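Undergrad: Next up is a structure, given as structure tokens.
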Amino acid sequence: MSGYARRAPRYPRRAGRLVLRAGALTAALGVWQLLTSLDIDLWLRFSQFPTVADVARAFADRLSGPDYWTDLTDSLTRILSGFLLAAVLGVATGVLVARSRLAEDLLGPVLEVVRPIPAIALVPVAILLFPSNEQGIVFITFTAAFFPVLVSTRHAVRALTPAWEEAVLTMGGGRARILASVVLPGALPGIFGGLSVGIGVSWICVISAEMISGQYGVGYRTWQDYTVVDYPGVFVGMVTIGILGWLTSTAVEALGRRLTRWLPRTSYDVGAGPRPRSARSVRGAGAVPSAPLRAGAAVDIGVVEEGSVHDRPKDKGFDSRTEEARDEHLV
């Protein structure tokens, strides 16, 4: 009998997981309320923290005023402007550098020198370079998201196996067809990994930029609350940033799952290991369930028939031949 037939008790379904997550959040808030209401001072000084009730009252007051929604709109506009620009240019530059030796030689050194510089350290440059603070903050947001997208795209494109391109060339396809049918679809998992990282880093940097040079926004308002010793207001800003970051990151990941729904996926039962999500993952008698593909990972292309999988044979010279074949396909 297969190991998949004897499974441990299944992990809770969607409703059960939502209850579990809500319970974990409630427990964390309860611990926060307990420590702050009792003024616990061991090594950490919880007596200086506002209670959950104080933050909730401050949050309710902010929601009823117009300034909160203005700050929210300003921060979201800056994030979306910088992130979308970084997504387009980051993917385009990553594909170009990965596919062209000339582009790699011309752009690679400049990008690698600029990449380690923290985006927040470019605030003085943005102030000097752009005529308005608004444009400078968008530039900081763009810079924060650009390099994670660039690096993930570059690695994902380089990890594609040359056999896919050879198949397109055999059928008479050209470079445009290879780009549209092989490079971009094959690199999508890696690209969305970079986008997910980039949106989180963008929130960190846009809030910091608003604190330094902004006039409106969640970061600006949070810093103003700190300067007037309004600690419940500071926590309102922190909670707002956390919720906005979670929502935008979830949206990016949901879009990524939607666009890569053709990937084989597995669900996981505790104690039973990974198992196929649908019956289509396993065909034929004695077939072994397929393992999930990692984002951007190179895979061996075999002749896939119904009920059998013929893998490419391995030998000592396989890696070197793969590298040579990949170099031949560089534009």
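Undergrad: Once fully extended, how much extra length lies between residue 262 and residue 53, figured as 0.36 nm per residue of separation less the alpha-carbon to alpha-carbon distance?
TA: Length gained, residue 262 through residue 53: 70.6 nm.
Undergrad: Where in segment 186-203 does the label zone of residue 253 land, with the point 7 angstrom along Cα→C-beta and an amide N cut-off under 17 Å?
TA: Answer for this model: 189-203.
Undergrad: Here's something else I'd like to know. Taking θ as phi - 60°, what are the ³J(HN,Hα) couplings along segment 152-169 by the Karplus curve (6.51, -1.76, 1.60), each to the nearest whole Hz, with x for Gly and Pro?
TA: Couplings: 5, 5, 4, 5, 5, 5, 5, 7, 5, 6, x, 4, 5, 5, 4, 5, 5, 5 Hz.
Undergrad: How far is it, in nm, from the label point at residue 239 to the one at residue 163 when both lie 7 Å from their Cα along the line to the Cβ?
TA: With each label placed 7 Å out from Cα toward Cβ, I get 5.4 nm.
Undergrad: Using every alpha carbon pair in segment 171-268, what percent of pairs falls into each 5 Å bin from 0 up to the bin containing the largest distance?
TA: 2, 12, 15, 15, 12, 10, 9, 8, 7, 5, 3, 1, 1, 0
Undergrad: What Kirkwood Rh does segment 19-78 have if only Cα atoms enter the pairwise 1/r average? Answer in Å.
TA: Every distinct Cα pair counted, the radius reaches 13.7 Å.
Undergrad: Sticking with this structure for a sec: Order 184-191, 196-203 from most to least packed using the mean count of other Cβ atoms within 10 Å.
TA: Ranking, from highest mean packing down: 196-203, 184-191.
Undergrad: Estimate the FRET efficiency between residue 77 and residue 37 by the formula 1/(1 + (r/R0)^6), using the beta-carbon distance for r and 30 Å for R0, to the nearest 0.05. Don't jump to the answer; show the numbers that get you there.
TA: On the way: r = 38 Å, r/R0 = 1.27.
Calculated value: 0.20.
Undergrad: Extending each Cα 7 Å along its Cβ direction at residue 29 and residue 110, get the distance between those two points in nm, one decimal.
TA: So the two model labels end up 5.0 nm from each other.
Undergrad: Can you pull the one-decimal nm distance between simple spin-label points at residue 184 and residue 227, each 7 Å off the Cα toward Cβ?
TA: Using points 7 Å along Cα→Cβ, the separation is 4.6 nm.
Undergrad: Wrap a convex hull around the Cα atoms of segment 59-206, take a quarter of its surface area, and give that in square nanometres.
TA: 11.2
Undergrad: If you don't mind, another one. Express in Å², to the nearest 10, the accessible area of residue 226 obtained by rolling a 1.4 Å probe over the protein heavy atoms while all chains stay in place.
TA: 110
The values are calculated or read from the model by the stated rules, or taken from the named source; none is laboratory data. Not measured: the values here are computed from a predicted model. For neighbour counting, all protein chains shown are included, and Cβ atoms are generated from backbone atoms with ideal geometry for every residue, glycine included. Ligands, DNA and RNA are excluded from the accessible area calculation, which covers all protein heavy atoms including side chains. Shrake-Rupley method; radii C 1.70, N 1.55, O 1.52, S 1.80 Å.
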